[in-house]
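Before any comments, here is the structure.
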Amino acid sequence: MKKANEIFEKIKDKLSPRERDVIRLHLGLDDNRQRTAEQIAELFDTTKEAIQQNLNSACGRIPKEMELLVKEVQTYIANNN
């Protein structure tokens with residue numbers, strides 16, 4: 001997960017604070033516990049659709065970096081389950 005956090009550190013300045021928080025929770029970067037849009041929505045007291053919009057916006061702004069980040073998290077999970 002170290003590599004995923006390194007990638008995230010490089011791209012976080014391109015994201016809004018809310019997008020950063022949503023991505024960190026969605027990918028489980030802080031606690032290795034991935035969350036669904038619905039779970040994140042409950043934490044932020046908003047709708048699942050609003051969280052999905054945050055995720056889509058972030059992914060659209062930095063597609064290549066997000067792809068690398070997601071792949072790194074997926075690899076980590078596959079190797080640690």
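The values are calculated or read from the model by the stated rules, or taken from the named source; none is laboratory data. All values derive from a computational prediction rather than experimental measurement. For neighbour counting, all protein chains shown are included, and Cβ atoms are generated from backbone atoms with ideal geometry for every residue, glycine included. Keep in mind that these areas ignore ligands, DNA and RNA; they rest on the heavy atoms of the full protein, side chains included. Shrake-Rupley method; radii C 1.70, N 1.55, O 1.52, S 1.80 Å.
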Tell me, please, whether a residue that is on the phi > 0 side of the Ramachandran plot and among the charged types (D, E, K, R) can be found in segment 38-55. yes
With aliphatic (A, V, I, L, M) and open to solvent by 30 Å² or more (accessible area, probe 1.4 Å) as the only criterion, which of Leu55, Leu69, Leu15, Leu25 stands out? Leu25
Cβ-Cβ under 6 Å, sequence separation 6+ or interchain: first residue in segment 48-60 and over 14 Å from Asp21 (Cβ atoms), partner open to solvent by less than 80 Å² (accessible area, probe 1.4 Å) and of a type outside the set (Lys, Arg). Which pairs? Lys48/Ala37; Lys48/Ala41; Gln52/Ala37; Cys59/Met66
Here are some residues: Ala4, Ala41. Which one is under 17 Å from Asn80 (Cβ atoms), surrounded by 15 or more Cβ atoms within 10 Å (Cβ to Cβ) and touching a helix residue (DSSP H, G or I) at 6+ places or on another chain (Cβ under 6 Å)? Ala4
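Which count do you get for residues in segment 2-36 that are of a type outside the set (D, E, K, R) and in contact with an Asp or Glu (Cβ under 8 Å, 6 or more places away or on another chain)?
First, pick out the residues of segment 2-36 that are of a type outside the set (D, E, K, R): 4-5, 7-8, 11, 15-17, 22-23, 25-29, 32, 34, 36.
Filter again for in contact with an Asp or Glu (Cβ under 8 Å, 6 or more places away or on another chain), leaving 4, 7, 11.
Residues meeting the conditions: 3.
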